[in-house]
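Below is one structure; the comments refer to it alone.
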Amino acid sequence: MDKPSVKPKRPWFSAGPTAKRPGWSSEGLPQTLLGRGIRAPEVVERFAHGIRLTKAVLEVPEDWVLAYLPGSDTGAVEAAMWSMLGQRPVQVMAFENFGKQWAVDAKDHLKLDDLELLEAPWGELPDLSRVDPDKDLVFPWNGTTSGVRVPSADFISKDRTGLAICDATSAAFAMAIDYSRLDVVTFSFQKALGGEAGIGVAALSPRAVERLDTYAPPRPVPKVLRLRDARGFDRALATGSMINTFSLWTLEDWIDALEWAQGVGGLSELIRRTDANAGALQAWVGRTDWIESLAVDPATRSTTSVCLKIVDPRVTALDEAGRQAFVKRMKGLLEAEGAAFDVESHRNAPAGLRLWCGCTVETEDVVAVTPWLDWAFGVAVAEL
């Protein structure tokens, strides 16, 4: 097969950190506060501005509060788990790598007594009818490593007594989220808007704040995960104050992404761009016989972290190591040509491809990369 003649203008398809916004330049980021103390009033106000802008773009309910956490989304999820869980029985949905990690946290590190794991194999969701409204729930909205998402939050009762803690890091800014059925929503800068890594955000409902105010967990909580002070929820966190020292450069980059998001039309346009990208990639999958979606049910297919499995019998006949080597060969071919970067599946997922289709990616680049995927497959399979 001949090499395609057209390459993506922006061949970045990593699922995190994701592609920068179109037109991004480091020279456009404000630098006047770099080198200032993290507690300087001007710096604290800049972080507070970032919280206000995040809340506005994401359309978070007015009575919710937002807080920055170290450690990206992982830190935000674990801060919620360490600070809130233990008062009630807990369920954890484990259907991809990070849900499985939250299950390990709950079982082996928090050692929760009354714990139920809702598990499913790669490409599937657990039985959502098993979710108990009287138990706390921890779950990923979108499985970044499996390409499987919940189709909606309707499986969570609005009359629940437990808290719903949602890892939304590859769903926020890309999918419609029903906050009325959730209590904690976490995400990181490095996913849907192409921010730099290291800072996570936890959006907390009034019910979540009440839990923090009234429940002191029976365990030591490391400082970097601590959402409470001596009186309950540490309300300084909702005003731009930081648990520890964060990168101001990372914050300025985040504000730049948020301002771009506002400028292109806000959340509805971010979702539209994401859907268009995923639709273009799925159209190629539909007409290509060697590739299929990892997600079994079309209703659960991610529109951001699109995960694909190679179904050609020459590849499926290989053992797992052989399939991984095949994907690495495709990756090497693509990157040597500058046609696509970072399209391999997550290291803990089944061997396959994963392409980020979030809003900072251009649809024309998704269309342009597909002939290159066909080319790389043809070259790699001919070498078997």
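The values are calculated or read from the model by the stated rules, or taken from the named source; none is laboratory data. Source: prediction; values computed, not measured. Note: ideal-geometry Cβ built from the backbone for every residue, glycine included; neighbour counts use all protein chains shown. The protein model used for the area step is the full one, side chains on, heavy atoms only, and it has no ligands, DNA or RNA in it. Shrake-Rupley method; radii C 1.70, N 1.55, O 1.52, S 1.80 Å.
Compared with the dominant principal axis of the Cα atoms in the chain, helix 248-264 is inclined by about 70°. Largest GNM mean-square fluctuation across Ala40, Ala339, Ala325, computed for the chain with C-alpha springs under 10 Å, falls on Ala40.
For the chain, the carbon plus sulfur part of the accessible surface works out to 51%, probe radius 1.4 Å. If you look at the Cα atoms of the range 237-344, you get an Rg and a Dmax of 19.4, 57 Å.
Classify the chain as rounded, prolate or oblate, taking a ≥ b ≥ c as the square roots of the eigenvalues of its Cα gyration tensor: rounded when a/c is under 1.5, otherwise prolate if a/b is larger than b/c and oblate if not.
Here the chain falls in the oblate category.
Once the Cα atoms of helix 72-84 and of the chain are each reduced to a long axis, what angle between those two axes, in degrees from 0 to 90 to the nearest 10, is obtained? Orientation of helix 72-84: about 40 degrees from the principal axis.
How much net charge surrounds Leu69 when only the other residues with a Cβ under 12 Å from the Cβ of Leu69 are counted, with Lys and Arg +1 and Asp and Glu -1? Provide the component values of the computation, followed by the final result.
Working: positive: Lys223, Arg226; negative: Asp73, Glu78, Asp234.
Within the 12 Å Cβ shell, the charges total -1.
Structure remark: mean-square fluctuation, Gaussian network model of the chain, C-alpha springs under 10 Å; the largest value among Ser157, Ser247, Ser26 belongs to Ser26. Highest GNM mean-square fluctuation among Asp73, Asp275, Asp134, for the chain modelled with Cα contacts below 10 Å: Asp134.
Along the axis of the charge dipole computed for the chain (Cβ charges of +1 for Lys and Arg, -1 for Asp and Glu, origin at the Cα centre), the listed residues Val361, Gln262, Leu227 are led at the positive end by Leu227.
Would you mind calculating the gained length between Glu45 and Arg219 on full extension (0.36 nm times residue separation, minus the Cα-Cα distance), in nm to one decimal?
Values: separation 174, 0.36 × 174 = 62.64 nm, distance 3.29 nm.
Residue separation times 0.36 nm, minus the Cα-Cα distance, leaves 59.3 nm.
Accessible surface for the chain, divided over its residues, is 40 Å² per residue with a 1.4 Å probe. Sequence-ordered 3J(HN,Hα) estimates for the range 362-379 from the Karplus curve with 6.51, -1.76 and 1.60 and θ = phi - 60° stand at 8, 4, 4, 6, 5, 4, 5, 7, 5, x, 5, 5, 4, 4, 4, 4, x, 5 Hz, glycine and proline given as x. Extending 7 Å from Cα along the Cβ direction at Val6 and again at Ser129 yields two label points whose distance is 4.8 nm. Around the amide H of Val148, modelled in the peptide plane, lie the amide H atoms of Gly143, Ser302, all under 5 Å away and 5 or more residues distant in sequence or on another chain. Remark: the chain carries a charge dipole of roughly 540 debye about the Cα centre, counting +1 on each Lys and Arg Cβ and -1 on each Asp and Glu Cβ. The H on the amide N of Leu137, modeled in the peptide plane, is under 5 Å from the matching H of Gln91, Leu163, Ala164, Ile165, each at least 5 residues off or on a different chain. Centre-to-centre separation between the Cα atoms of the range 43-106 and those of the range 307-384: 32 Å. Take the Cα of Glu27, step 7 Å toward its Cβ, do the same at Leu384, and the gap between the two points is 4.8 nm. DSSP beta bridges confined to the range 117-228 are antiparallel in about 50 percent of cases.
Please list, in order, the residues from the range 302-337 whose amide nitrogen is less than 19 Å from a point placed 7 Å along the Cα→Cβ vector of Ser152. Under cut-off, by backbone N: 302-303. Taken about its Cα centre, the range 26-133 carries a charge dipole of roughly 520 debye when the Cβ of each Lys and Arg holds +1 and the Cβ of each Asp and Glu holds -1.
When DSSP assigns beta bridges and you keep just the ones with both residues in the chain, what percent turn out antiparallel, to the nearest 5?
60 percent
For the range 141-280, a simple Cβ point-charge model (Lys and Arg +1, Asp and Glu -1, everything else neutral) yields a dipole of about 540 debye relative to the Cα centre. If R0 is taken as 25 Å, the Cβ-Cβ distance between Ala299 and Glu119 corresponds to a FRET efficiency of 0.80.
What does the C-alpha gyration tensor say about the overall shape of the range 1-119? Classify as rounded when a/c is under 1.5, otherwise prolate if a/b is larger than b/c, or oblate. Numbers along the way, then the final one.
Working: a/c = 2.55, a/b = 1.23, b/c = 2.08.
Oblate, since a/c reaches 1.5 and b/c is not below a/b.
Computed 3J(HN,Hα) for the range 178-193, one whole-Hz value per residue from the Karplus formula 6.51 cos²θ - 1.76 cosθ + 1.60 where θ = phi - 60°, is 8, 5, 5, 9, 10, 10, 10, 10, 10, 6, 10, 5, 7, 9, 5, 10, glycine and proline marked x. Can you work out the PRE-style zone for Val264? Point 7 Å along Cα to Cβ, and I want the residues of the range 147-191 with backbone N under 19 Å. What the label zone holds, given the 19 Å backbone N cut-off, is 169-177, 188-191. Exposed loop sites were defined as trypsin sites (Lys or Arg not before Pro) in DSSP loop states (anything but H, G, I, E or B) carrying at most 16 other C-beta atoms within 10 Å; in the chain the longest segment without such a site runs 40-110. Taking θ as phi - 60° and the Karplus parameters 6.51, -1.76 and 1.60, the scalar couplings of the range 53-69 work out to 5, 4, 4, 5, 5, 7, 6, 6, x, 4, 8, 8, 10, 10, 9, 7, 9 Hz in sequence order, x denoting glycine and proline.
Its relative contact order, with pairs defined as Cα atoms under 8 Å and 6+ residues apart, puts the chain at 26 percent. For a straight C-alpha distance cut-off of 30 angstrom, the lysines reachable from Lys331 (same-chain residues fewer than eight places away being disregarded) are Lys3, Lys7, Lys9, Lys20, Lys100, Lys191, Lys309. Shape class for the range 55-213, computed from the alpha carbon gyration tensor (a ≥ b ≥ c): rounded, with a/c under 1.5. Longest stretch of the chain clear of exposed loop sites (GluC sites (Glu not before Pro), DSSP loop, at most 11 other Cβ atoms within 10 Å, sites excluded): 63-382.
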